[in-house]
Amino acid sequence: MRKSERRKTAAARQATTQPAAAQWRTTQETLVMAQISRTTLHKATKAGTFPKPIKIGKKCVWIEDEIKQWMKR
């Protein structure tokens with residue numbers, strides 16, 4: 001799959017699963033917001049206990065509302 005196709009796929013996935021006003025957070029912003037380490041973030045994501053990221057090119061972003069929901073639990 002070409003890079004442009006991956007971007008379109010990620011954008012389409014985000015558009016269909018989240019409202020238009022959803023805010024994306026980078027890895028660093030997610031770590032600060034959730035107050036966890038990078039290792040914990042990756043382990044929790046792999047285990048399915050933390051929301052999955054959306055890949056946009058080489059970057060991963062998380063949806064702020066999903067992080068907030070995770071923090072409430």
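For the range 43-73, filtered to residues that are among the basic types (Lys, Arg) and touching a strand residue (DSSP E or B) at 6+ places or on another chain (Cβ under 9 Å), the residue that is farthest from Thr30 (Cα to Cα) is Lys55. With a requirement of 2 or more residues that are small (Gly, Ala, Ser) and at pLDDT 60 or above, the helices (runs of 4 or more DSSP H) lying completely within the range 1-58 that satisfy it span 3-17, 38-47.
Whenever a residue of the range 22-40 is farther than 14 Å from Val61 by Cα, its partners that are open to solvent by less than 70 Å² (accessible area, probe 1.4 Å) and among the β-branched types (Val, Ile, Thr), lying with C-beta atoms within less than 9 angstrom and at least six residues away or across chains, give the pairs Ile36/Thr30.
The values are calculated or read from the model by the stated rules, or taken from the named source; none is laboratory data. Source: prediction; values computed, not measured. So basically every Cβ, Gly included, is an ideal-geometry build from the backbone, and we count neighbours across all protein chains shown. Each accessible area value is taken on the protein alone, full model and side chains, heavy atoms only, with ligands, DNA and RNA left out. Shrake-Rupley method; radii C 1.70, N 1.55, O 1.52, S 1.80 Å.
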